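The values are calculated or read from the model by the stated rules, or taken from the named source; none is laboratory data. Quantities reported herein were computed from a predicted structural model and do not represent experimental measurements. Cβ sites come from the backbone with ideal geometry, for glycine too, and all protein chains shown count toward neighbours. Note: accessible area is taken over every heavy atom of the protein model, side chains too, but ligands, DNA and RNA are not part of it. Shrake-Rupley method; radii C 1.70, N 1.55, O 1.52, S 1.80 Å.
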Amino acid sequence: SLNRYIDELRDTAASNAAMEQELKIASDIQQRMLPKVYPPFPERKDIDRFGEVVTAKQVGGDLFDFFIRDEKLYFSIGDVAGKGVPASLYMAVTRTLFRNLAGNYQSAANIVREMNHAIASTNDTYIFVTVFVGVLDMKTHYLTFCNAAHNAPVMISAEGECSLLEVDTNLPIGVEDRYHYEEQQVDFPPGSALLLYTDGLTEATYFSKDGSRKLFGEHRVLHDVEKNSKASAIEVIDFLKQHVAVFADGTEQSDDLTMLFVRHGIAQEAGTSPSRRLIMKNEMTEVGRLRTFFFSVCREYGIDEETAKTLNLALEEWVANVIGYAYPKGMRGHVEVTADVTDNVLTLVIKDHGTPFDPTQYKEIDVDAGLDERAIGGLGIHLINSIMDTVAYERTVDGYNRLTLTKKLKY
């Protein structure tokens, strides 16, 4: 009996391993189906876009796609109802339908209608898909779109103002064959941008210790996008993804998270790179992530290792102080670090929304004085001042501590 049990256990383990391998292959195939999102279109200097899918399981039901034809940018994002393998199959079908139909139709509504007909006419499983399809005419600067029960995208004006795009609800595709989908149109002047996302963003969840449930919500999305309204596509999505991770604080997510950011008419100048940003929880274990982040920035900008180590001392010193003292004990918070190099000057910005503290008002310590004569504290601030060229503090109107450190680099 024991030998039989061991044999059955071995067979089950082998079967599970084979299934895991097949799911991994399926996940790889799904990722390869998505368009290559970076670097941007090499021949276009007037489009900046980036997209990413983060699946809750090995395979998921979210999708996005885009391509250019006849000076029009066709793009879509979708969310299949359900999870796992069934959703992934419908994801593949939906993406293929969009790519084929958008090659033949110019109207966003016609694309969605035909997608709906193809799925609804054979949908015996009653699986449906929410979809947003957009067609951006880069000559006339008009955006026509059709929304099939998907989340309203965030519209960013050329001036940086953010709001949810007003969309008709319509039915998801796959529910009712021959449903009449309405098309809408808005001006999309150069400098405008659009963030499309699935509900895995707004419904990202955090469970507190008392069991209460909080959602990331549209207000956080709008706030984050407005803060980064002038940032590159990859930077906006990276910021949102990190903020969701900090917000969830380890809570396992049950839904896929997909985002697609499109900006029209603004080209990144040759030889420049977007600012790099890291968001951390107020926990000392995050210092390791900070070190990895900063040294990758230094490698990107060609800063030598010894200089990087010295600068990292100042950065870690301040971030460690923020983590240790900015927030009351037990309070969840975050620390945001931005790094940029312009004209051979490294600029580091550290932000938190904890207790106000201005280190520039702290009395400089006398390092030559004896231990008995010297006041407790202040060595960290002295270290930062001695390493960096400038140290500036600001308490922002929206309640953030903002410390800016600069250093002239010698190559």
**Theoretical gain in end-to-end length, GLU306 to ASN100 [0.36 nm per residue, Cα-Cα removed]** = 68.8 nm
**Item:** TYR400, TYR362, TYR5, TYR411, reordered so the largest accessible area comes first (probe 1.4 Å)
**Value:** TYR411, TYR5, TYR362, TYR400
**Item:** Label-point gap, in nm, between ALA17 and THR347 - each point 7 angstrom along Cα→Cβ
**Value:** 5.5 nm
**Item:** region 279-338: proportion of alpha-carbon pairs further apart than 20 angstrom, %
**Value:** 27 percent
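For the chain, report the accessible area per residue in Å² (1.4 Å probe, heavy atoms, rounded to an integer).
With the other protein chains kept in place, the chain gives 51 Å² per residue.
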**Item:** Choice from ASN385, ASN170, ASN16 with maximal GNM fluctuation in the chain (Cα, 10 Å cutoff)
**Value:** ASN16
**Message:** Only sites in a loop by DSSP and with at most 16 other Cβ atoms within 10 Å count here; which GluC sites (Glu not before Pro) in region 314-357 make the cut?
**Reply:** none
**Complete:** Shape call for region 109-267, from the Cα gyration tensor axes a ≥ b ≥ c (a/c under 1.5 means rounded, otherwise prolate when a/b beats b/c, else oblate), comes out oblate
**Message:** Under 16 Å from a point placed 7 Å out from the Cα of SER296 along the Cα-to-Cβ direction: which residues of region 232-266 have their backbone N that close?
**Reply:** 234-246
**Length-normalised contact order of the chain in % [C-alpha pairs under 8 Å, at least 6 apart]** = 13 percent
**Request:** Name the residue, out of VAL341, VAL236, VAL129, whose mean-square fluctuation peaks in a Gaussian network model built on the chain with Cα pairs under 10 Å.
**Result:** VAL341
**Message:** As an exercise, use a Förster radius of 25 Å and the Cβ-Cβ distance of SER163 and GLU252 to find the FRET efficiency, rounded to the nearest 0.05.
**Reply:** 0.20
**Prompt:** Tell me, how many Å apart are the Cα centres for region 106-135 and for region 317-343?
**Reply:** 46 Å
**Prompt:** For region 151-196, which whole-number percentage of the solvent-accessible area (1.4 Å probe, protein heavy atoms only) is attributable to carbon and sulfur atoms?
**Reply:** 45 percent
**Message:** Connecting C-alpha atoms closer than 10 Å in a GNM of the chain, tell me which of ARG276, ARG44, ARG220 has the biggest fluctuation.
**Reply:** ARG44
**Asked** What translational diffusion coefficient, in µm²/s and rounded to a whole number, does the Stokes-Einstein relation yield for the chain at 10 °C and a viscosity of 1.306 mPa s, taking the hydrodynamic radius as the Kirkwood radius over Cα pairs?
**Response** 66 µm²/s
